[in-house]
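Data block below; observations after.
The values are calculated or read from the model by the stated rules, or taken from the named source; none is laboratory data. What you are looking at is a predicted structure, and each value in this text was computed from that prediction instead of being measured. Counting neighbours? That spans all protein chains shown, and the Cβs are built from the backbone with ideal geometry, glycine included. Areas reflect the complete protein model, heavy atoms only, side chains present, ligands, DNA and RNA absent. Shrake-Rupley method; radii C 1.70, N 1.55, O 1.52, S 1.80 Å.
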Amino acid sequence: MNVQNPYSLVKGKVVKVHRENYNTVSVLVESDIKPEVGQYVMFYTFGRGEAPITVASYQDGMSLHTVRIVGDVTGYFQHIQEEGTVYLRGPYGNTWGFEEAYGRDVIIISGGLGLAATRWLMEKIIQNRDNFKVVYSLYGSKSFQDLLYKEKYNIWAREIDFRVTVGTPDPAWTGRVGMITQLLEDIKIENPSIFICGPDPMVKAVVDILSSKGVNKREIKVSLERHMKCSVGTCGHCMFGPFFVCKDGPVFRYSDIEYFYTKKSV
Amino acid sequence: MFYIIDVKGLESIYGSLKETFHVISPTLKDGILLYSEDVDFNSLPFGYTQMEGPSFYQLLQSSGRYFTYLRPSNTLKYFLRSPNMKLLTVKRSNGELSFEYHINHRKLAFFDVRRCDLKALQTLDNVYLNDRFPDPYYRSLRENMFLVGVDCQTASDVCFCHCMGVYLEDSYGADIFITELDGRFLVTALSKKGVELVEKLHIKKASVEDIQKAKEKREGLLSTFKKYLDTKDLKENLYRNIEHPYWEEIGKRCLSCTNCTQVCPTCFCFDIKEVNSIELDLSERVVSWDSCFNQTFATVHKFNIRDTITSRYRQWLMHKMAYWQDQFGEFGCVGCGRCITWCPAKIDIQVETAKLREL
């Protein structure tokens with residue numbers, strides 16, 4: 001009997017490497033993996049292990065992955081070369097399910113590296129622009145130095161209302177300075193469908209504001225970050241309340257997770 | 001199909017299993033009963049009785065009967081997913097990697113599995129053989145397995161399987177089941193494999209009286225339990241009390257030693273470790289037992305979500321008694337009581353759960 005081994009690694013070719021900033025790199029990888037919007041893959045590096053990395057974009061057999069070089073496995077991406085080989089498995093997790101926002105306003109809220117998890121969603125919405133009403137995409141970054149995908153902002157802004165804020169002033173930055181929660185104060189909120197990815201404290205602050213503006217928490221979807229090791233719901237590392245983030249998520253309806261998400265150390 | 005045998009018949013079943021399987025059975029090791037491989041029939045712990053309590057374990061030789069002991073201290077998971085199991089070997093040559101996956105096809109038979117552990121095995125099946133990503137390592141061993149269930153004759157002071165969805169009428173996937181009568185044994189063949197094995201031995205069919213006697217024996221077990229846990233609305237009650245200060249009280253006593261998760265028949269959490277050759281041409285990916293009590297278990301980058309012992313104990317108990325119900329529609333605890341026996345801090349999951357549900 002032939003059972004697919006979920007730990008089987010496939011080979012990928014690094015087509016392009018783009019340095020996003022001082023600690024983050026985006027790699028375009030050609031492989032047999034066929035992800036959907038919101039899913040992630042596991043990258044393997046020899047002798048160091050695996051790390052879960054979201055799919056930031058995908059087209060014609062090529063997936064884009066934006067990696068912050070902070071750990072042992074991601075350290076490998078510091079010196080990654082074009083034409084080089086990478087090994088990965090996946091895709092894993094559920095999808096954003098953006099189709100449920102058809103015919104409605106959309107607000108996408110991304111904090112820091114969270115933009116990597118919402119970028120493909122944004123692109124999909126732009127591709128199907130006529131299916132949505134007003135589309136806001138709000139992005140908050142710690143500093144100007146931390147910004148991702150700078151070359152894309154103008155392109156996105158042609159189709160959707162894309163707004164950026166950075167946490168600290170910088171001579172090179174002429175845009176908005178402040179918290180992402182302030183961006184929320186400026187926009188019209190009329191029964192929107194909401195998609196969020198960012199650090200837990202940001203998500204909580206944003207949800208509080210949205211909820212005070214009358215948004216039903218059922219209409220909020222959040223992509224969570226936890227430590228996935230196996231990605232198939234058996235190692236227990238990503239467990240959060242009754243959820244396996246790796247297979248039940250990473251995308252959750254906020255109303256489903258609120259009880260556990262708002263409790264400390266769950 | 002019901003058969004009746006004496007101890008010679010028992011020995012021939014054991015011998016017959018050994019012809020086809022790697023047989024794993026309880027035996028006396030380091031002063032306790034442990035599942036081990038290749039145990040001689042004469043080294044089965046017949047006649048022993050076991051006294052267990054919070055942080056207490058004692059074996060006595062007594063009875064003149066056979067299956068008077070209880071479940072061993074280690075569990076079936078030790079053989080299905082050993083503490084360090086090679087997942088794959090990665091070879092590196094000229095910058096390219098090749099992978100060899102180590103699916104184990106051994107045929108295992110467990111001789112003498114009590115109902116709590118049989119139920120625990122089904123609980124693990126639901127974890128590893130979930131529909132989207134069935135685990136081929138687990139599946140291979142599981143599909144080749146033969147299970148001999150044995151009825152307990154008495155419950156220990158730590159047992160509470162009767163409260164945790166372990167029913168006397170259910171044989172939980174055992175191929176044959178053995179119930180000790182006075183000096184004889186009723187053998188119930190349940191699966192096709194089970195019937196085949198027993199039929200080969202040309203043993204006597206059981207009488208209606210024998211079958212009735214076995215039923216009475218089983219029912220007699222129920223009066224020997226000393227523990228009780230009310231599981232009605234347990235999940236809802238625990239969820240309600242998830243932030244109760246009482247968790248801190250347990251956290252103060254817990255050592256976070258991981259004993260409970262190691263002896264638990266359903267605890268499945270693992271880590272994947274990289275074991276590298278010094279020449280760096282070979283790296284093994286090894287699945288090794290992990291525990292939600294380990295300090296860095298829930299660390300994301302450098303942020304530790306469960307940085308206190310209290311939060312880790314809560315995670316474990318909530319998983320066993322509440323989260324598991326949402327995840328798999330059953331409890332993650334089968335009431336085998338091992339974690340109670342082996343907790344050096346004398347923390348008793350049944351006592352704590354009962355307390356937490358009533359707060």
Next item on the list: Read through the list (1) open to solvent by 40 Å² or more (accessible area, probe 1.4 Å); (2) in a helix (DSSP H, G or I); (3) within 11 Å of another protein chain (Cβ to nearest Cβ); (4) farther than 22 Å from A:E225 by Cα, then give the number of the only condition that B:K355 fails.
Entry: (3)
Margin query: Of everything in segment A:83-104, what is farther than 30 Å from B:E96 by Cα and open to solvent by less than 10 Å² (accessible area, probe 1.4 Å)? Give them in sequence order.
Written below: A:W96, A:A101
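Test of understanding: among B:L229, B:L222, which residue is modelled with pLDDT of 95 or more and either not in a loop (DSSP other than H, G, I, E, B) or not assigned by TED's automatic domain parsing to the domain that holds B:C333 (or both)?
On the way: B:L222 fails: modelled with pLDDT of 95 or more.
None of the others qualify; the one that does is B:L229.
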Note to self: Just checking: which of the strands (runs of 3 or more DSSP E) contained wholly in segment A:122-204 hold 2 or more residues that are farther than 25 Å from A:G249 by Cβ and open to solvent by 30 Å² or more (accessible area, probe 1.4 Å)?
What the structure shows: A:161-166
Checklist line | Qualifying position, being away from chain A (no Cβ under 13 Å) and closer than 19 Å to A:T234 by Cβ, among B:C343, B:C333 | finding: B:C333
Check: Restricting attention to segment B:307-319, which residues are out of contact with any Phe, Trp or Tyr (no Cβ under 7 Å at 6 or more places or on another chain) and within 9 Å of chain A (Cβ to nearest Cβ)?
Finding: B:D307, B:T308, B:S311, B:Q315, B:M318, B:H319
Check: Are any residues in segment A:1-35 farther than 16 Å from B:R132 by Cα, within 14 Å of another protein chain (Cβ to nearest Cβ) and open to solvent by 40 Å² or more (accessible area, probe 1.4 Å), and if so, which ones?
Finding: A:M1, A:V10, A:K11, A:K13
Notebook entry, point to check: What pairs come up if the first residue lies in segment A:204-228 and is without any contact (Cβ under 8 Å) to a residue 12 or more places away in the chain, the second is open to solvent by 40 Å² or more (accessible area, probe 1.4 Å), and their beta carbons are under 7 Å apart, counting only those six or more places apart or on different chains?
Noted result: A:S211/A:K217
Checklist line | Evaluation of A:L148 against (1) assigned by TED's automatic domain parsing to the domain that holds A:S31; (2) under 27 Å from A:R48 (Cβ atoms) (one fails), failing number | finding: (1)
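Do you know which residues across segment B:270-306 are open to solvent by 50 Å² or more (accessible area, probe 1.4 Å) and either assigned to a strand (DSSP E or B) or within 7 Å of another protein chain (Cβ to nearest Cβ) (or both)?
Listed by number, the residues that qualify are B:K273, B:V275, B:N276, B:L280, B:L282, B:W289, B:H301, B:F303.
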Notebook entry, point to check: How do the strands (runs of 3 or more DSSP E) wholly within segment B:84-135 filter down when requiring 1 or more residues that are open to solvent by 60 Å² or more (accessible area, probe 1.4 Å): which remain?
Noted result: B:84-93, B:96-101
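Have a look at B:I250, B:I211 and point out the one that is open to solvent by less than 90 Å² (accessible area, probe 1.4 Å), within 21 Å of B:D170 (Cα to Cα) and assigned to a helix (DSSP H, G or I).
Criteria check complete, one pass: B:I211.
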Check: How many residues are open to solvent by less than 10 Å² (accessible area, probe 1.4 Å) and within 14 Å of chain B (Cβ to nearest Cβ) if we restrict to segment A:45-64?
Finding: 2
Checklist line | Sole exception among (1) open to solvent by less than 60 Å² (accessible area, probe 1.4 Å); (2) more than 14 Å from every other protein chain (Cβ to nearest Cβ); (3) within 26 Å of B:L121 (Cβ to Cβ) for B:D40, by number | finding: (1)
Notebook entry, point to check: Any residue at all in segment B:253-262 that is assigned to a loop (DSSP other than H, G, I, E, B), in the same structural domain as B:L76 (by TED's automatic domain parsing) and small (G, A, S)?
Noted result: no
Next item on the list: Starting from segment B:67-92, take each residue that is free of Cβ contacts under 8 Å to residues at least 60 places away in the same chain and list its partners that are of a type in the set (V, I, T), counting only C-beta distances under 8 angstrom and pairs at least six apart or across chains.
Entry: B:Y69/B:T49; B:P72/B:I32
Margin query: Quick check on my filter: what residues within segment B:161-179 are touching a strand residue (DSSP E or B) at 6+ places or on another chain (Cβ under 8 Å) and either assigned to a strand (DSSP E or B) or in contact (Cβ under 8 Å) with a residue 60 or more places away in the chain (or both)?
Written below: B:A174, B:I176, B:F177, B:I178, B:T179
Check: How many residues does segment B:30-47 contain that are in contact with a Pro (Cβ under 9 Å, 6 or more places away or on another chain) and either on the phi > 0 side of the Ramachandran plot or in a strand (DSSP E or B) (or both)?
Finding: 5
Notebook entry, point to check: Considering segment A:213-266 alone, what residues qualify as being closer than 17 Å to B:D326 by Cβ, away from chain B (no Cβ under 12 Å) and open to solvent by 30 Å² or more (accessible area, probe 1.4 Å)?
Noted result: A:R253, A:S255, A:E258
Notebook entry, point to check: Counting just the residues of segment A:60-78 that are of a type outside the set (F, W, Y) and more than 23 Å from A:L147 (Cβ to Cβ), which one comes out nearest to the chain's Cα centre (by Cα)?
Noted result: A:M62
Notebook entry, point to check: Checking B:Y323 against (1) touching a helix residue (DSSP H, G or I) at 6+ places or on another chain (Cβ under 6 Å); (2) within 10 Å of another protein chain (Cβ to nearest Cβ); (3) under 20 Å from B:E352 (Cα atoms), which single condition isn't satisfied?
Noted result: (1)
Notebook entry, point to check: Just checking, which of B:L76, B:L88 is more than 17 Å from B:C336 (Cα to Cα) and of a type in the set (A, V, I, L, M)?
Noted result: B:L88
